[in-house]
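The structure appears below as structure tokens.
Read the figures in this text as sums done on the coordinates, not as results from a lab. Everything numeric in this text was worked out from a predicted model, so none of it was measured.
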Amino acid sequence: MSADRDHCVLVFAPIGRDGPASTELFRHSGLEAINCRTFPELISEMSAGVGAVCLAEEGLFEGIRRRWHSGSSGSRPGPIFPS
């Protein structure tokens, strides 16, 4: 992970204004912040490296739902986030 991404916060709050508002709050605190609008965008940004993830409750449930439906029938889904 690059040093630039060490101080980057990914925000995933897909409903309402929480995502943009949280992103602005982090930026005003001197951190780089990226508002991820979709779960696949969050995972893509995470693969580039990140210092922290701010995940709203509805974002967590969106991630779980996507992983559950992407698994094969009858199998248990894998982890939500890549290691």
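Rounded to the nearest Hz, the phi-derived 3J(HN,Hα) couplings of segment 44-55 under the Karplus curve 6.51 cos²θ - 1.76 cosθ + 1.60 (θ = phi - 60°) are 4, 5, 5, 5, 7, x, 6, x, 7, 10, 9, 10, where x marks glycine and proline. Rg and Dmax over the alpha-carbon atoms of segment 1-45 stand at 10.5, 31 Å.
Here the 3J(HN,Hα) profile of segment 22-32, calculated from phi with Karplus coefficients 6.51, -1.76 and 1.60 at θ = phi - 60°, is 5, 4, 4, 4, 4, 5, 5, 8, x, 9, 6 Hz, Gly and Pro shown as x. The amide H of C8, built 1.01 Å from its N in the peptide plane, has G51, A52 as neighbours under 5 Å, considering only residues 5 or more places off or on other chains.
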